[in-house]
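Have a look at the structure below before the remarks.
The values are calculated or read from the model by the stated rules, or taken from the named source; none is laboratory data. What you see is a predicted model, and the numbers here were worked out from it, not measured in a lab. Cβ atoms come from the backbone with ideal geometry, glycine included; neighbour counts cover every protein chain shown.
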Amino acid sequence: MHSNNILHRDLKTLNIFLTKDNKIKLGDLGVAKILEDLDNFVTSKVGTPYYLSPEVCEDRPYNSKSDIWSLGCILYELCSLHHPFEAKNQAALLLKIIRGKCESIPRIYSRQLGEIVHSCLIKDYKKRPSINAILQLEVVQSKAQLLKIHLPIKKKVPEPEESQANVLPNRNNESRNSNQPRTSDKLTSTFRHRKDSTPQINSPARTRK
């Protein structure tokens, strides 16, 4: 979804559906937003209070990392059977979310899972991982392979490597030019020629008194 520049903006457990084929699907895209670029921000305040990110609670612009916060709330709820942030009224709830402090998930779960949940619930949205980064984690990859789940990972384009022609000398050209003088030899011979052709000025002999 994020690869298509779409923000869900209302991720929660009630909007996640499990089919008969054990496939997980997201529903209720009524408040979803399509962006020209995933790094763009939106300002409208929508979503379910328990899953709102701190930037939404503070009426600040937000982007796809707000969905990542909601994902962290969902994972936390699945592990702990309660929301990471709870309060008696909405004002107190928003204040807790803005502070961004919650208890860790139960210790019966692995440390790797706890780290994923924690990374999604970082208050600073810039430090939260993207969904693609989460799917590329080794623990996620191994679990998906064990359960035979295909992960739609958007692979990064590798940086172009330096061609061997720029790194290694071309032996064919080197053998062809072996009989030709090198550039350094040319410069040396030119310098010698100039030095030999420069007229010498003899100082006049001193007259003896």
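Of note:
- Boolean, SER64 is at pLDDT 75 or above and touching a helix residue (DSSP H, G or I) at 6+ places or on another chain (Cβ under 8 Å): yes
- The set of residues in region 10-37 being within 21 Å of the chain's Cα centre (by Cα) and part of a loop (DSSP other than H, G, I, E, B) consists of LEU35, GLU36, ASP37.
- Among (1) touching a helix residue (DSSP H, G or I) at 6+ places or on another chain (Cβ under 9 Å); (2) over 13 Å from TYR76 (Cβ atoms), the one test that ARG111 misses: (1)
- Looking only at region 64-82, residues that are buried (at least 21 other Cβ atoms within 10 Å of the Cβ) and assigned to a loop (DSSP other than H, G, I, E, B) come to 1 in all.
Each row is one residue, and each column tells you yes or no for (1) in contact with a strand residue (DSSP E or B) (Cβ under 7 Å, 6 or more places away or on another chain); (2) over 20 Å from CYS102 (Cβ atoms); (3) at pLDDT below 85.
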position	(1), (2), (3)
LEU26	yes, yes, no
LYS33	yes, yes, yes
GLU36	no, yes, yes
VAL42	yes, yes, yes
LYS45	no, yes, yes
TYR50	no, no, no
PRO54	no, no, no
ILE68	no, no, no
CYS73	no, no, no
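- Looking across ILE131, ILE122, one residue alone is closer than 25 Å to ILE6 by Cα, in contact (Cβ under 8 Å) with a residue 60 or more places away in the chain, of a type in the set (A, V, I, L, M) and surrounded by 12 or more Cβ atoms within 10 Å (Cβ to Cβ). It is ILE131.
- Selection from region 84-103 of residues that are under 24 Å from LEU137 (Cβ atoms), without any contact (Cβ under 8 Å) to a residue 40 or more places away in the chain, surrounded by 14 or more Cβ atoms within 10 Å (Cβ to Cβ) and not hydrophobic (A, V, I, L, M, F, W, C): PRO84
- Of the residues in region 151-160, none is closer than 25 Å to THR19 by Cβ, modelled with pLDDT of 90 or more, of a type outside the set (S, T, N, Q) and touching a helix residue (DSSP H, G or I) at 6+ places or on another chain (Cβ under 7 Å).
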